[in-house]
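**Q** Below is one structure. I have some questions about it.
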There are 2 protein chains.
Amino acid sequence: MATIDTARFLADLNDLRKIGAYKTGVHRPTFSPQDMESRRWLMARMAEIGLEPVLDGIGNVYGRNTGPGPYMLVGSHIESQNYAGWLDGALGVVAGLALARAGLPVDVCAFADEEGHFEGGFLGSRSFIGDLSDDEMDHARSRNDGSPLRDALKAAGLEGVPRITVEKGRHKGYLELHIEQGTSLEGAGQQTGIVTGIVAIWQFRLTIIGQQDHAGGTTMAERKDAGLTAVRLLAAIDETFPLVCGDRTVWTTGSIVLEPGAPSIIPGKAEILFQFRDVDWSTLERLEKHLRALVQESNRRERCTTELSIIRRSIPAICDPAIMTALERSAEQRIPGGWRAMPSGAGHDAQVLAQVMPSAMLFSPSIGGISHHWAEDTKEEDLAVCCEVMGDAVEMFLKSNDYTPPAKA
Amino acid sequence: MATIDTARFLADLNDLRKIGAYKTGVHRPTFSPQDMESRRWLMARMAEIGLEPVLDGIGNVYGRNTGPGPYMLVGSHIESQNYAGWLDGALGVVAGLALARAGLPVDVCAFADEEGHFEGGFLGSRSFIGDLSDDEMDHARSRNDGSPLRDALKAAGLEGVPRITVEKGRHKGYLELHIEQGTSLEGAGQQTGIVTGIVAIWQFRLTIIGQQDHAGGTTMAERKDAGLTAVRLLAAIDETFPLVCGDRTVWTTGSIVLEPGAPSIIPGKAEILFQFRDVDWSTLERLEKHLRALVQESNRRERCTTELSIIRRSIPAICDPAIMTALERSAEQRIPGGWRAMPSGAGHDAQVLAQVMPSAMLFSPSIGGISHHWAEDTKEEDLAVCCEVMGDAVEMFLKSNDYTPPAKA
């Protein structure tokens, strides 16, 4: 079993927490002064341990192990959502430091902008696997203020800095520790979750066009009420999605906007943001087919026309069985019965890395399931034991002969 | 039959149209310089005809007839919605001038702020019938910019000016000509509508409280999705309101707001603006009872709690049968078959006046039903014939012995 200095691990996490501190959380949006300070802090810690730190042209911090391989890549992201939690991302990066400090053959990485402050999403990990073009970087803008990504990189001192990409064959796998962002572990009184797969998010926009009219002068029979068509379509989704979904599918209507949105005006337009998530590709395809059938039926019945457009369709990632096995054995040894296998409902850098190497994830509990909010937290004993399970698993996996070839999607 | 100078009537309308002209419409918000200029223009026209004009402390312009009675009160409002039509309101006031010019014993009035630029609604007509307190005036604010009504009155030179109220027993009735703001007349190829009643608007706010959560980390079974409860409640309204409504009831969901309204966050709160309109009090009461039952059932079934609050419940006005009879006979004489009886789906000053004297309304067609938009319009021949029918009806009604006592609500 690996010997992790958990006190030092927790001390590092608490040091990092001071950079961009906001209430009990942090505010470190990508490429902000606070974010760049945290990247420099990370490079200093890497150097102390003997890793060779590099800050690349997209802001990735990569700490290369100079000892003998085979190597494991361990990390996550270091920037935060706006005014959000201290552990989201930071936990996985600092766990990587702890493993390297314990002498395990790991490279440590902090991928830039997992939180999507800029358009595109997963800029850092996508750049690392060779899936981010210069052209996309030229056009990406901040989702906070619309300013170009290139301006932010320049201000952060990263203009012209080369980007590093994965060295083929160097890593036997990728492992990421992250907070759960839900209540499954807390509810079950368990200390760690072994992720079976990372859901894909299929995000759609439903645009309904009706006829804006005076709510007093227009009879019910004359109306073309876009809001009413929206309600009927969403009610049909609510009634029929449970009949075609998977065991762990989730679907969410995050936004409904009626225009003009006045009490005495019949809405002439409605816009709905609707998404579903699942780890299984055939389930995702079945749900999209079903959604399209509901829209078609709505267009047959209703006076208002609905148009479905795709905002994004990400690829689900299945976690590597061999790494999962090592995690399960390690967890059962450290905390018998105190772990569970579970899917990840949120997106993570691991789903990008899974495209080029065997990848897996470990979840720590989230107190009250609070996420993307400064009140996010996890008990220190849970953080420590997760880091220990991870160390054991890396040791076990690197020694094993199990090897799953990269699942290139 | 009364002899109306319809050419002069149309010329007056076109003169007034020049004040605050915007494209083919006008922009004369209440107490704006343009609005005050239109009030002064009106007083000058009144004086030319021999009416005694008064501008009172709420901005009402009242032209008192100095000839022998019994008198009819004829008018409407003169301010406009923002960047709206040239006839909405102005038509009824200028028709009053035309009747007075023809020697009919009418007082002419332009009631301030029928369009509700300030909180409260119907400030001018309510003040005229003694239903507007100084206290309410102290607290009312602009719906456009939040500034106090008192400031606007001061800027318009109306601070300290006394308000005039109806002289009991002076008027045998009130009559208002207005554009239809719908397509019923145009669709039927008819030139005038005799209003049977003015609908009441019962406006509600439905506030639904759920639990804001991450759309990935929260299973369907755990969710308290305020948006979903909103959709189910609105679907229940859509399915069951047709079973309890009246022949001409209309109901409208003008706004649905989900908070925070982000694609990957389960809405923690939903707010719905819902209204219904009818002329029949028992229908209105039945619909509110039904709505409350739907909310109660929703609160029994759903995980999110819905609270129903009343924004306003206005009183429906039934038009006076004797004035209606005079209007019907006059219309049938001038334009046989070219008229219809119809309810008013929108609110008008006549519904306020109906609380203190027999009141009725006449509608002119609206081209394409366009209303509250600068493109609003009516054919000149339709305007002229409506004014003539009105003149005949006032003559007929004032000579008749029919008298309906005031329906004090």
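Please treat every number below as a calculation from the coordinates, not as lab data. None of the values given here were measured: they were computed from a predicted structure. Here the Cβ is made from the backbone with ideal geometry for all residues, glycine too, and neighbour counts use every protein chain on show.
**Q** Using the Cβ atoms and a cut-off under 9 Å, what net charge is assigned to the surroundings of B:Phe118, where Lys and Arg are +1 and Asp and Glu are -1?
**A** Summing Lys and Arg as +1 and Asp and Glu as -1 gives 0.
**Q** Rounded to the nearest 500, what is chain A's calculated 222 nm mean residue ellipticity when only DSSP H runs of at least 4 contribute -39500 (n - 2.57) each, over all residues?
**A** My calculation for chain A gives -11000 deg cm²/dmol from helical runs alone.
**Q** Just tell me the longest site-free run in chain B, where the sites are GluC sites (Glu not before Pro) in a DSSP loop having at most 12 other beta-carbon atoms within 10 Å.
**A** B:168-409
**Q** Show me, for segment A:200-208, the HN-Hα J-couplings you get by feeding each phi into the Karplus relation (A = 6.51, B = -1.76, C = 1.60, θ = phi - 60°), rounded to Hz, glycine and proline as x.
**A** Result, ordered by residue: 8, 10, 10, 10, 10, 10, 10, 10, 10 Hz.
**Q** On to the next question. Averaged across the residues of A:355-367, what count of C-beta atoms belonging to other chains lies within 10 Å of each residue's C-beta?
**A** That works out to 0 on average.
**Q** Can you compute 3J(HN,Hα) from phi for each residue in segment B:183-198, using the Karplus curve 6.51 cos²θ - 1.76 cosθ + 1.60 with θ = phi - 60°, rounded to whole Hz and x for Gly and Pro?
**A** Here the 3J(HN,Hα) series is 10, 4, 5, 4, x, 8, x, 10, 9, 8, x, 9, 6, 8, x, 10 Hz.
**Q** If we count every other residue with Cβ under 13 angstrom of A:Leu104's Cβ, Lys/Arg +1 and Asp/Glu -1, where does the sum land?
**A** -2
**Q** List the lysines whose Cα lies under 30 Å from the Cα of A:Lys168, skipping any in the same chain that are fewer than 8 positions away.
**A** Partners found: A:Lys154, A:Lys399, A:Lys408.
**Q** Another one. If you place +1 on the Cβ of every Lys and Arg and -1 on the Cβ of every Asp and Glu, how big does the dipole about the Cα centre of segment A:201-313 come out, in debye to the nearest 20?
**A** 180
**Q** Rounded to the nearest 0.05, what FRET efficiency do B:Lys399 and B:Lys168 have when you use their Cβ-Cβ distance and R0 = 22 Å?
**A** The value I calculate is 0.50.
**Q** Are there any helices in chain B, counted as whole DSSP H runs, that stretch 20 Å or more along their axis by Cα and score at least -1.0 on average by Kyte-Doolittle, and if so which?
**A** Span-like helices, by this rule, are B:33-49, B:226-244, B:380-399.
**Q** Moving to a separate point now. Summarise the partner chain shielding of B:234-240 as one whole number: the mean count of Cβ atoms from other chains within 10 Å of each residue's Cβ.
**A** 4
**Q** With contacts defined as alpha carbon pairs under 8 Å and 6 or more residues apart, what's the relative contact order of chain B in percent?
**A** Taking the mean separation of contacting Cα pairs over the length of chain B, I get 22 percent.
**Q** A further question on this structure: Relative contact order for segment A:201-313: what percent, with Cα pairs under 8 Å and sequence separation of 6 or more?
**A** That works out to 45 percent.
**Q** Further, regarding this structure: Among chain A residues, which Cβ is nearest the axis of the A-onto-B rotation, and at how many Å?
**A** Checking which Cβ lies nearest the axis yields A:Ala235, 2.
**Q** Please report how far the C-alpha centroid of segment B:200-231 lies from that of segment B:258-294, rounded to the nearest whole angstrom.
**A** 13
**Q** Below 24 Å, Cα to Cα, which lysines can B:Lys224 reach? Residues fewer than 8 away in the same chain don't count.
**A** Cα-Cα hits under 24 Å: B:Lys269.
**Q** Okay, moving on. Straight-line reach only, C-alpha to C-alpha below 24 angstrom: list the lysines that A:Lys23 could link to, leaving out same-chain residues fewer than 8 apart.
**A** Hits, sequence-local ones excluded: A:Lys379.
**Q** How much of the DSSP beta bridge set in chain B is antiparallel, as a percent to the nearest 5?
**A** 70
**Q** Then there's this: Please give me the summed charge of the neighbours of A:Gly69: other residues whose Cβ is under 12 Å from its Cβ, Lys and Arg +1, Asp and Glu -1.
**A** Its environment carries a net charge of +1.
**Q** Give me the percent relative contact order of segment A:16-91, please, defined on Cα pairs under 8 angstrom at least 6 residues apart.
**A** Reported as a whole number, the value is 35 percent.
**Q** While we're looking at this one, here's another question. Sorted from shortest, what are the nm distances separating the label point of B:Ala293 from equivalent points in the other copies, each placed 7 Å from Cα along Cα to C-beta?
**A** Ordered by distance, the counterparts are at 3.5 nm.
**Q** OK, next. Which distance in Å, rounded to a whole number, links the C-alpha centroids of segment B:1-68 and segment A:38-67?
**A** Segment B:1-68 and segment A:38-67 have Cα centres spaced 79 Å from each other.
**Q** Next up: What ³J(HN,Hα) values, in whole Hz, does the Karplus curve 6.51 cos²θ - 1.76 cosθ + 1.60 give for segment A:76-86 when θ = phi - 60°, with x put for Gly and Pro?
**A** Per-residue couplings from phi come out as 5, 10, 10, 6, 10, 4, 5, 6, 10, x, 7 Hz.
**Q** Quick one: dipole size for the protein assembly as shown, taken about the Cα centre, charges +1 on Lys/Arg Cβ and -1 on Asp/Glu Cβ, in debye to the nearest 20. Could the numbers behind the result be given before it?
**A** Values: 80 positive and 110 negative charges, 98 e Å.
Result for the protein assembly as shown is approximately 480 debye, rounded to the nearest 20.
**Q** Just want the answer: with Cβ charges of +1 for Lys and Arg and -1 for Asp and Glu, which residue in B:Gly246, B:Ala235, B:Ser282 is farthest toward the dipole's positive end in segment B:200-313?
**A** Highest projection toward the positive end goes to B:Ser282.
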